[in-house]
Amino acid sequence: MSTDPSLPQGQDKVAAVRSMFDAIAPRYELLNRLLTFGMDSRWRRRSVRELRLPPGSRVFDLACGTGDLCRDLQAAEFNPVGFDLSAGMLQVAHKYRASAKLHAPLVLGDALCLPVPAESADGITCGFALRNVVDLGQLFAELARVVRPGGRVSLLEVSEPPNPIMRLGHSVYFGKVIPLIGGLLSDRTAYEYLPKSVAYMPPTEEMLDLLAQHGFEAVSHTPLSGGIAQLMTATRRP
């Protein structure tokens, strides 16, 4: 849990995250492409490949947002179901359904308490939302409940590059440039919060240990694009 007093905690965090993503939903994908120079699309496709599941597998995408990862799952011949806390994000995702670009069911719901039976998913993806949940341990426990034994999880999140020069440049870009561009094209308050929200994240090793403690094995960590993003994968123990 973050000790930064400027960051909301508990139910205040839930309300703040929901309100923020409702506000930025209309231009969310546009800004993702611009601010990452298109790298986020490659990261999402990588997370889908690392599921290593057969075609036709049912995969739940948590914090699905506007449905871009669901569309990647669909392209890989999986059967995705999207879940998100933000009605605004799902409203945009439904436009892709209306245009037949997305066929996945979309569910308004909290990733910490999914409205599904135990062992009902072959896999789970989550893109850049780990820092937005109230309790990471509770999230991993819910993943363990929902994923069948032998199923896979593939979790994308931001990170800090290990190289000190890259880390400095990334810090300036993430902390200064992104809020400026986000403010010009969308909601400045939201894009000021997003870099700050990294403070919610525990160290990588702690997250990997937490996955193992909650019923996962073959836990793996892959830095992406020099370490500005990270991918964590794991298999549900029998």
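Exposed loop trypsin sites (Lys or Arg not before Pro) only (DSSP loop, at most 13 other Cβ atoms within 10 Å): please give the longest stretch of the chain free of them, not including the sites. The longest uninterrupted stretch comes out as 102-238.
Please work out the ratio of the alpha-carbon Rg of segment 34-97 to 2.2 N^0.38 Å and round it to two decimals. The partial results should precede the final answer.
On the way: Rg = 11.9 Å, N = 64, 2.2 N^0.38 = 10.7 Å.
Relative to the 2.2 N^0.38 Å estimate, segment 34-97 comes out at 1.11.
For a distance above 31 Å, tell me the whole-number percent of Cα pairs in the chain that qualify. Cα-Cα pairs in the chain separated by more than 31 Å: 16 percent.
Other residues lying with their Cβ under 11 Å from the Cβ of residue 145 contribute a combined charge of 0, Lys and Arg counting +1, Asp and Glu -1.
Listed by chain and number, the aspartates and glutamates whose alpha-carbon sits under 16 Å from that of residue 101, ignoring those within fewer than 8 places in the same chain, are 29, 68, 72, 77. Phi angles across segment 114-124 convert, under the Karplus curve 6.51 cos²θ - 1.76 cosθ + 1.60 with θ = phi - 60°, into 3J(HN,Hα) values of 6, x, 9, x, 5, 6, 9, 10, 7, x, 9 Hz, Gly and Pro given as x. Can you tell me which of 223, 164, 55 moves the most in a GNM of the chain? Springs connect C-alpha atoms under 10 Å apart. Fluctuation is largest for 164.
Computed from backbone phi, the HN-Hα couplings of segment 74-81 come to 4, 5, 8, 6, 8, 10, x, 10 Hz, rounded to whole numbers (Karplus: 6.51 cos²θ - 1.76 cosθ + 1.60, θ = phi - 60°; Gly and Pro given as x). Taking amide H atoms as placed 1.01 Å from N in the peptide plane, the amide H of residue 119 lies under 5 Å from those of 146, 147, each 5 or more residues away in sequence or on another chain.
For segment 105-238, what D do you get in µm² per second when you plug the Kirkwood radius from alpha-carbon pairs into Stokes-Einstein at 20 °C and 1.002 mPa s?
Working: Rh = 16.1 Å.
Result for D is 133 µm²/s.
Computed from the coordinates by the stated procedures, all read-outs in this text should not be read as laboratory data. Note that the structure is a prediction, hence the values are computed from the model and not measured. All Cβ positions, even for glycine, are placed from backbone atoms using ideal geometry, and neighbour counts span all protein chains on display.
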